[in-house]
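Visitor: Please see the structure below; I have some questions.
The values are calculated or read from the model by the stated rules, or taken from the named source; none is laboratory data. The structure displayed is predicted, hence computed values, not measured ones. Here the Cβ positions follow ideal geometry from the backbone for every residue, glycine too, while neighbour counts run over all protein chains shown. The protein model used for the area step is the full one, side chains on, heavy atoms only, and it has no ligands, DNA or RNA in it. Shrake-Rupley method; radii C 1.70, N 1.55, O 1.52, S 1.80 Å.
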Amino acid sequence: MATERTLSIIKPDATARNLTGKIIAYFEQQNLRVIAQKRLQLSRRQAREFYIVHKARPFYDELVEYMVSGPVSVQVLEGENAVLRNREIMGATDPAKATPGTIRKDFGESIERNSAHGSDSLENAKNEIRFFFSDMEIVG
Ligand code: CMP
């Protein structure tokens, strides 16, 4: 198994409910390490760019508005198979379909307000990490 890095976002619904630490604990308890982290307010331009792959989807504009509705907390997570592991720890996109014990099942409010984002491939992880962090902000 390979050590990988992936990009995680704790979304505005979760930061609003003071869940940042609780969500980080899910990652740490399952052997993913936080090797970079910051809290920030996305601009509309940044949110549109980050989710550009969803531009054609009917929920795109609403997703962008939601992502700028409050602060996010962004992490680089490192560990064995980190991309897949993070997605398993988060659970299905729709909290109603997620397995109990996953972040989205335990905290998500709806398919949009689903508390966490994680990169869906190693290639996207590299691009998403570069979107938020410089090399000197990542300390493995
Ligand atoms: P995320 O993993 O960040 O990737 C894209 C996001 O779009 C997703 O989590 C949800 O927040 C949102 N999303 C996905 N599908 C839908 C949908 N059908 N309706 C509204 N929002 C959605």
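Visitor: With the checklist (1) within 21 Å of Asn124 (Cα to Cα); (2) crowded, with 16+ Cβ neighbours inside 10 Å; (3) within 13 Å of the ligand (Cβ to nearest atom) in hand, flag the one item Val53 doesn't pass.
Guide: (2)
Visitor: Let me ask something additional. Restricting the search to region 86-105, which residues are more than 11 Å from the ligand (Cβ to nearest atom), open to solvent by less than 70 Å² (accessible area, probe 1.4 Å) and of a type outside the set (Val, Ile, Thr)?
Guide: Correct list: Ala98, Gly101.
Visitor: For Ile24, are the conditions met, namely being open to solvent by less than 100 Å² (accessible area, probe 1.4 Å) and within 14 Å of the ligand (Cβ to nearest atom)?
Guide: Numbers: open to solvent by less than 100 Å² (accessible area, probe 1.4 Å): yes; within 14 Å of the ligand (Cβ to nearest atom): no.
No; evaluated as a whole, the condition is false for this residue.
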